[in-house]
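The structure under discussion appears below in the form of structure tokens.
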Amino acid sequence: MITLYDLAAKDPIKCWSPNPWKVRYVLNLKKLPYRTVYVDFEDIDRVVREAGAPPSRHNADGKPMYTIPSIVDDATGAAVTDSYKIAEYLDKQYPDTPKAFPVGTEALQAAYYRYYNDNNMQFGLLLVPSIPNILSKEASLEFYHRTRAAMFGKPVDQIRPVGEELEKLWEKLYALYDTLEGWYAKSSGSFLVGDTPSFGDFALAGNLQIAKIVWGEDSEDWKKFSTMNNGRWAKLLKDLEKYASVEN
Ligand SMILES: N[C@@H](CCC(=O)N[C@@H](CS)C(=O)NCC(=O)O)C(=O)O
């Protein structure tokens with residue numbers, strides 16, 4: 001059995017964070033049996049370390065950073081961290097299941113993912129301030145506010161840009177998603193790789209999921225985002241619904 005370490009949130013919210021979403025989509029695509037352990041923010045370091053997974057990166061002070069998602073695969077004893085590496089591991093370890101990186105698209109997926117991540121990073125300014133809305137425990141809230149304030153150099157409730165800055169940020173996001181729409185329009189199907197869902201779609205959908213969940217479906221922000229490019233992205237979420245089960 002595979003154990004997926006995911007982030008905890010208030011009931012009834014289950015998977016909400018973009019990186020665990022990518023792995024969940026991949027596990028569901030492959031129909032691999034798995035169970036989820038939901039971890040509170042303040043426990044990530046201890047739980048992931050104890051699971052035997054390596055750090056995904058190092059902080060500015062050189063300290064190892066343990067992150068979610070991580071998986072442990074009892075069949076092999078492997079403990080893997082980082083959504084991309086986990087998807088690569090699952091493709092390699094379970095070659096008879098549908099691929100997260102369809103054969104021949106590996107290099108293009110890497111380029112797409114790099115471009116998307118680099119340009120989508122700014123989106124965090126709109127999401128980070130809404131994450132406390134869905135955290136369940138006092139300790140998680142305290143941890144989240146403290147670590148994000150240190151990361152962004154200001155309190156969480158001041159991270160969201162206002163006025164002209166906010167408008168500029170939306171314009172940048174529109175430009176990014178226009179580029180992505182142009183790429184998707186060239187595909188022969190509704191996904192990046194024709195009719196075959198793959199990691200590139202899951203990366204995008206993970207961000208749509210967090211936006212919908214932390215802003216709320218009735219929020220102005222979600223309405224704005226989900227109607228971008230004639231509702232292209234809301235449709236992508238719908239097209240991927242059959243891989244979005246959180247039952248395990
Ligand atoms: N590149 C990693 C990023 C993982 C990551 O940063 N995860 C966040 C949650 S989505 C985390 O665990 N953060 C720990 C913390 O903020 O203390 C991946 O794709 O999995």
Practice task
Only Lys, Arg, Asp and Glu count, each charged at its Cβ (+1, +1, -1, -1), so figure out the dipole size of the chain about its Cα centre, rounded to 20 debye.
Solution key: 260
Problem - Per-pair calculated FRET efficiency, R0 = 45 Å: GLU171 and GLU50 via Cβ, rounded to 0.05 - result: 0.50
Practice task
Answer with one residue from PRO55, ILE131, TYR89: the one whose Cα lies farthest towards the positive end of the charge dipole of the chain, charges on Cβ with Lys, Arg +1 and Asp, Glu -1.
Solution key: TYR89
Practice task
List, in order, the whole-Hz ³J(HN,Hα) value for each residue of region 128-144 obtained from phi through the Karplus relation with A = 6.51, B = -1.76, C = 1.60 and θ = phi - 60°; use x for Gly and Pro.
Solution key: 3, x, 8, 5, x, 4, 10, 7, 9, 10, 3, 5, 5, 4, 4, 4, 5
Fill in the blank from the handout: Percent relative contact order for the chain, counting Cα pairs under 8 Å at least six residues apart, stands at 24
Handout entry: Kirkwood-Stokes translational diffusion coefficient of region 64-131, alpha-carbon pairs, 10 °C, 1.306 mPa s, µm²/s
Key = 112
Practice task
Note down the net charge around VAL39, summing +1 for each Lys or Arg and -1 for each Asp or Glu among other residues with Cβ under 12 Å from its Cβ.
Solution key: -3
Fill in the blank from the handout: At 20 °C and 1.002 mPa s, the Stokes-Einstein diffusion coefficient in µm²/s for region 182-248, with hydrodynamic radius from the Kirkwood sum on alpha carbon pairs, is 171
Handout entry: Dipole in debye (nearest 20) - region 15-60, about Cα centre, beta carbon charges: Lys, Arg +1; Asp, Glu -1
Key = 400
Practice task
Multiply the residue gap between ASP74 and GLU220 by 0.36 nm, knock off their C-alpha separation, and tell me the result in nm, one decimal place.
Solution key: 48.2 nm
Practice task
Find the percent of Cα-Cα distances in region 18-61 that exceed 11 Å, and round it to a whole number.
Solution key: 76
Practice task
Report the extension gain between GLU164 and ARG146 in nm, rounded to one decimal, defined as 0.36 nm multiplied by the number of residues separating them, less their alpha carbon distance.
Solution key: 3.7 nm
Problem - Alpha carbon centroid spacing (whole Å) that separates region 1-46 from region 94-163 - result: 15
Exercise for the section: For the chain, just list the percent of Cα-Cα distances falling in each 5 Å bin from zero outward, please. Expected result: 1, 6, 13, 18, 19, 18, 14, 8, 3, 0, 0
Handout entry: 10 Å-binned pair-distance histogram of region 1-130 (Cα, whole percent)
Key = 11, 40, 37, 11, 0
Completion exercise
Exposure proxy check on ASP82, ASP96, ASP201, ASP157: fewest-to-most Cβ neighbours within 10 Å is ASP96, ASP157, ASP82, ASP201
Practice task
Diagonalise the Cα gyration tensor of region 104-195 and give the resulting equivalent ellipsoid semi-axes, square root of 5 times each eigenvalue, largest first, whole Å.
Solution key: 32, 17, 12
Fill in the blank from the handout: Once phi for every residue in region 233-238 is put through the Karplus expression 6.51 cos²θ - 1.76 cosθ + 1.60 (θ = phi - 60°), the whole-Hz ³J(HN,Hα) values, with Gly and Pro written as x, are 7, 5, 5, 4, 4, 5
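No lab work stands behind these numbers, since they all come straight from the coordinates. Values in this document were obtained by computation on a predicted structure and should not be read as measured data. No Cβ is skipped: glycine too gets one built from the backbone with ideal geometry, and neighbour counts run over all protein chains shown.
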